[in-house]
Amino acid sequence: GNFTQINDSGRTSQEFLTFVQNFTVGIVKDNWLGDFYSIGALYGQEYANNVFSGEFVISNNSSSLFYNNTFSGNVNNNTFSGGEVYNNTFRGGNVNNNTFSGEVNNNTFSSYVYNNTFSGDVYGNTFSGYVNINTFSGNVYNNTFSGNVNNNTFGNVNTNTFSSYVYNNTFGEVSNNTFSSYVYNNTFGDVNSNTFSGYVNSNTFSGYVNS
């Protein structure tokens, strides 16, 4: 259906956004995105395959699983808590000021990703826009970063592809990655078996550097 605005926490009215819905206009705000009518109340299970094509998805909460959803507007100030965020498409809008507290895998981020906190492992994702001022405190591996990556804090970074500028970031251990463009003003921990095919300037290597 068409929703001009949704602004209801659901915690008192039991009106939750649940499954196979198309939210085509307006703002989705202050909701719990999950099935709390059945097993969701106990396990946080969420139905998938929602389409959010309105202006903003803002200040919502999800529970343990969040998958196969499509966001074509901005996704701001949400909490994706506890479990996995996987096989989602974030396209067209920015993804900023969100908290991802579980694993994030096999998603597509096609625009700016900035000021987010990723506290679980991040793997198998495609980031095709700028990735700026985020915190990745888990392992980051098997991702593709095709836009500029700057001013982020990473934990261990393994087997990723960085095809654009990488600058002013802080990395933990960096192993088996490919950097094919400018890499400058970054701080690296241990560096093992990476490929740097572009300019590498003014970086700090604070651990071992091995071929």
Tell me yes or no: at least one residue of segment 143-162 is aromatic (Phe, Trp, Tyr) and surrounded by fewer than 23 Cβ atoms within 10 Å (Cβ to Cβ).
no
So, in segment 159-177, of the ones that are over 17 Å from the mean Cα position of the chain (by Cα) and outside any loop (DSSP other than H, G, I, E, B), which residue ends up nearest to Ser202 (Cα to Cα)?
Tyr167
Residues of segment 183-211 being surrounded by 16 or more Cβ atoms within 10 Å (Cβ to Cβ) and either in contact (Cβ under 8 Å) with a residue 60 or more places away in the chain or under 18 Å from Thr144 (Cα atoms) (or both), which ones?
Val183, Asn194, Phe196, Gly198
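Is there a residue being at pLDDT 85 or above, assigned to a strand (DSSP E or B) and over 21 Å from Phe179 (Cα atoms) anywhere in segment 118-139?
Just the residues of segment 118-139 that are at pLDDT 85 or above, to begin with: 118-139.
Now restrict to residues that are assigned to a strand (DSSP E or B): 118, 122-123, 126-127, 131-132, 135-136.
Now restrict to residues that are over 21 Å from Phe179 (Cα atoms): 118.
Yes, there is a match, as at least one residue in segment 118-139 is at pLDDT 85 or above, assigned to a strand (DSSP E or B) and over 21 Å from Phe179 (Cα atoms).
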Pairs, first at positive phi in segment 142-157, second not in a loop (DSSP other than H, G, I, E, B), C-beta under 7 Å, six or more apart
Asn142/Tyr123; Asn151/Asn132
Please go through (1) small (Gly, Ala, Ser); (2) open to solvent by 20 Å² or more (accessible area, probe 1.4 Å); (3) under 26 Å from Val209 (Cα atoms) for Gly138 and return the number of the only condition it doesn't satisfy.
(2)
With criteria (1) more than 16 Å from Ser128 (Cβ to Cβ); (2) open to solvent by 10 Å² or more (accessible area, probe 1.4 Å); (3) polar (S, T, N, Q), Thr89 comes up short on (1)
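The values are calculated or read from the model by the stated rules, or taken from the named source; none is laboratory data. Just so you know, these numbers come straight off a predicted model, no measurement behind them. Here the Cβ is made from the backbone with ideal geometry for all residues, glycine too, and neighbour counts use every protein chain on show. Ligands, DNA and RNA are stripped out before the accessible areas are found, and what is left, the full protein with its side chains, is counted by its heavy atoms. Shrake-Rupley method; radii C 1.70, N 1.55, O 1.52, S 1.80 Å.
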